[in-house]
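Chemist: First the structure, then my questions, so here it is.
The values are calculated or read from the model by the stated rules, or taken from the named source; none is laboratory data. Everything numeric in this text was worked out from a predicted model, so none of it was measured. With ideal geometry, Cβ positions are generated from the backbone for all residues, glycine too; neighbour counts draw on all protein chains shown. Note: accessible area is taken over every heavy atom of the protein model, side chains too, but ligands, DNA and RNA are not part of it. Shrake-Rupley method; radii C 1.70, N 1.55, O 1.52, S 1.80 Å.
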Amino acid sequence: MNGQHHSAMVTGEGFLMAQVLLTLPFIIILAVYCTALYTLKKKQQNWPLHRSIMFFTGVLCALVTVVGPFAHWAHSNFIIHMAGHLLLGMLAPLLMVLAAPLTLFLKALPVDSAKKITFILRSRPAGLLTHPVITSLLNVGGLWILYTTSLYSMMHEYVGLHIIIHFHVFVAGYLFTASLLYIDPTSHRKSYLYRSIILILALAGHGILSKYIYGHPPEGVPVSQAEAGGMLMYYGGDAIDLMIVFFLCLHWFRATRPRSSRSGGVETCQTV
Amino acid sequence: MAAHTPSAEGATYLSRNLWSGFLFGIGLVAFLDETVFHQLLHWHHFYDKSTTNVGLVSDGFFHALSWFATIGGLFLFADLRRRNAVAMKRWWGGILLGAGAFQLYDGIIQHKLMRIHQIRYVDNVIVYDIIWNLIALLMIIIGVVLVRRTRHGNGRGRG
């Protein structure tokens, strides 16, 4: 099919190395999560099962895209690549954020270590990395650079780029989701309205890029694949963003519940 | 909460009914546009070669806004319900206003000026345009009438 997609990197040892290096962080984080679960059990503390399930599913979604046949197909087929983007950069981060891993780790760690971690989270650099504007730029801005410059075709030739970009897509996706949905303890908090506006703008940036890809295929991508890939990005992104919107609104709804009439008002309201 | 006099709270709820409807109206019409005209009828095109850049940006922004507005508007409605403050007529006024305003923007600015896509790819598209925008105007007029009639809180009904 396409000459440059079959460079040495795809079939050679380079691609194997990329798979190993991209798998490793997820295996490690999975092991840490399981250890934390075990520690909590020994402490006889409870941890909701649905959170663990979401974490495992999230890691699975990410792993599928960076290792095995899927990763191979994604190399020569833009539609598969785009499905990979949705899984690695959007769905896996969302599921993992909803699993509240930080809460679990803080519960499992000894108090001293947990305090150190919260200290780090309160620091300025941590605040920058969880600022919605910065995470949106890292996430959506990164995608714009990837698909509108020659970076996308270069990614298929250089193992290093392949690894960095895939890692970036996941990390940026996670920070983006975590900066909008406060499931874990968050120190540099922004108001609901602020986060909503940023979410709408980021969503718009994602949608515009999808249609742009439809009309302007990235370097080395056949028109038919760019069109199908762009549409997949558009509607798939919608589906996942819909969940982020839902949870953000749900948290907002809960935070603004009528407090003064809690004793009587709510019950009468529900009987209507 | 204690600082709120009953009338001030009532005014807040009146505007919240309007906003909830307005947001949901935008979301509803955008959702119908997507399901009926894009997916079912295949009249609208996902991308049109004559789309201007500003059209692409506007389309992306309003698409994102409408997604948020659908869910946000419904959560606002749920909030009014739990406060027992739903003003049904006013809410409907808001819906028609939001739906009409968005459809008019879509029909005149986005379809015609920014050329994101046409309603249908046929010869006499002007007929479709006129009907499209007339419906939008009609929704706005009914919406305005409903909202004006309920501005003093007489639009309250059980939710």
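Results for (1) away from chain A (no Cβ under 11 Å); (2) hydrophobic (A, V, I, L, M, F, W, C); (3) in a loop (DSSP other than H, G, I, E, B), shown as yes or no for each residue.
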position: B:N17; (1), (2), (3): yes, no, no
position: B:L32; (1), (2), (3): yes, yes, no
position: B:F37; (1), (2), (3): yes, yes, no
position: B:Y47; (1), (2), (3): no, no, yes
position: B:S58; (1), (2), (3): no, no, no
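Chemist: Those residues that are in contact with a His (Cβ under 9 Å, 6 or more places away or on another chain) and of a type in the set (A, V, I, L, M), I need them from region A:55-70; list them, please.
Modeler: As a first pass, look at region A:55-70 and keep what is in contact with a His (Cβ under 9 Å, 6 or more places away or on another chain): A:65-66.
Result: A:V66, single match.
Chemist: Please tell me if A:L91 is within 18 Å of the chain's Cα centre (by Cα), in contact (Cβ under 8 Å) with a residue 60 or more places away in the chain and within 26 Å of A:S224 (Cβ to Cβ). Please lay out each step first, then the result.
Modeler: Numbers: within 18 Å of the chain's Cα centre (by Cα): yes; in contact (Cβ under 8 Å) with a residue 60 or more places away in the chain: yes; within 26 Å of A:S224 (Cβ to Cβ): yes.
Considered against the rule, which asks whether it is within 18 Å of the chain's Cα centre (by Cα), in contact (Cβ under 8 Å) with a residue 60 or more places away in the chain and within 26 Å of A:S224 (Cβ to Cβ), A:L91 comes out as yes.
Chemist: While we're here: Does A:M54 satisfy being out of contact with any Lys or Arg (no Cβ under 6 Å at 6 or more places or on another chain) and open to solvent by less than 30 Å² (accessible area, probe 1.4 Å)?
Modeler: Working: out of contact with any Lys or Arg (no Cβ under 6 Å at 6 or more places or on another chain): yes; open to solvent by less than 30 Å² (accessible area, probe 1.4 Å): no.
When the stated conditions are applied, A:M54 does not pass them.
Chemist: Further, regarding this structure: Which one of these does A:L175 not meet: (1) modelled with pLDDT of 95 or more; (2) within 14 Å of chain B (Cβ to nearest Cβ); (3) surrounded by fewer than 22 Cβ atoms within 10 Å (Cβ to Cβ)?
Modeler: Among (1) modelled with pLDDT of 95 or more; (2) within 14 Å of chain B (Cβ to nearest Cβ); (3) surrounded by fewer than 22 Cβ atoms within 10 Å (Cβ to Cβ), the lone unmet condition for A:L175 is (2).
Chemist: Got a number for residues in region A:143-172 being in a helix (DSSP H, G or I), open to solvent by 50 Å² or more (accessible area, probe 1.4 Å) and in contact (Cβ under 8 Å) with a residue 40 or more places away in the chain? Step through it out loud before you land on a result.
Modeler: Going residue by residue through region A:143-172, those that are in a helix (DSSP H, G or I) are A:143-148, A:151-155, A:159-172.
If we keep only those that are open to solvent by 50 Å² or more (accessible area, probe 1.4 Å) as well, we get A:144-145, A:148, A:154, A:164, A:167-168, A:171.
If we keep only those that are in contact (Cβ under 8 Å) with a residue 40 or more places away in the chain as well, we get A:144, A:148, A:167.
Total meeting the criteria: 3.
Chemist: Working only within region A:203-239, note down all residues that are hydrophobic (A, V, I, L, M, F, W, C) and more than 21 Å from A:W73 (Cβ to Cβ). Steps first, please.
Modeler: Pass one, region A:203-239, residues hydrophobic (A, V, I, L, M, F, W, C): A:203-204, A:208-209, A:213, A:221, A:223, A:226, A:228, A:231-233, A:239.
Selection gives A:L203, A:A204, A:I208, A:L209, A:A239.
Chemist: Tally up the residues in region A:202-230 that are open to solvent by less than 30 Å² (accessible area, probe 1.4 Å), of a type in the set (A, V, I, L, M, F, W, C) and either over 18 Å from A:G84 (Cβ atoms) or not in a helix (DSSP H, G or I) (or both), please.
Modeler: Result for region A:202-230: 5.
Chemist: Tally time: how many residues in region B:116-127 are surrounded by 15 or more Cβ atoms within 10 Å (Cβ to Cβ) and either free of Cβ contacts under 8 Å to residues at least 40 places away in the same chain or of a type outside the set (A, V, I, L, M, F, W, C) (or both)?
Modeler: Step one: filter region B:116-127 for residues surrounded by 15 or more Cβ atoms within 10 Å (Cβ to Cβ), giving B:116-120, B:125.
When the remaining residues are screened for being either free of Cβ contacts under 8 Å to residues at least 40 places away in the same chain or of a type outside the set (A, V, I, L, M, F, W, C) (or both), the result is B:117-118, B:120, B:125.
Residues meeting the conditions: 4.
Chemist: Here's a follow-up. If a residue must be assigned to a helix (DSSP H, G or I) and open to solvent by 30 Å² or more (accessible area, probe 1.4 Å), how many such residues does region B:78-107 contain?
Modeler: Pass one, region B:78-107, residues assigned to a helix (DSSP H, G or I): B:78-82, B:88-107.
Add one more test, that the residue is open to solvent by 30 Å² or more (accessible area, probe 1.4 Å), and what stays is B:78, B:81-82, B:88-89, B:92, B:96-97, B:101, B:104-105.
Residues that pass the stated criteria total 11.
Chemist: If you don't mind, another one. Scan (1) over 29 Å from B:V122 (Cβ atoms); (2) at pLDDT below 90; (3) within 20 Å of the chain's Cα centre (by Cα) for the single condition B:L74 breaks and write down its number.
Modeler: So B:L74 meets the others, but not (2).
Chemist: Residues A:I244, A:I197: which one is open to solvent by 30 Å² or more (accessible area, probe 1.4 Å), within 30 Å of A:S123 (Cβ to Cβ) and modelled with pLDDT of 95 or more? Give the derivation first.
Modeler: Values: A:I244 fails: open to solvent by 30 Å² or more (accessible area, probe 1.4 Å).
Of A:I244, A:I197, the one residue that is open to solvent by 30 Å² or more (accessible area, probe 1.4 Å), within 30 Å of A:S123 (Cβ to Cβ) and modelled with pLDDT of 95 or more is A:I197.
Chemist: Which number in (1) facing another protein chain (nearest Cβ under 9 Å); (2) farther than 17 Å from B:D48 by Cα marks the one condition that A:Y212 misses?
Modeler: Failed condition: (2).
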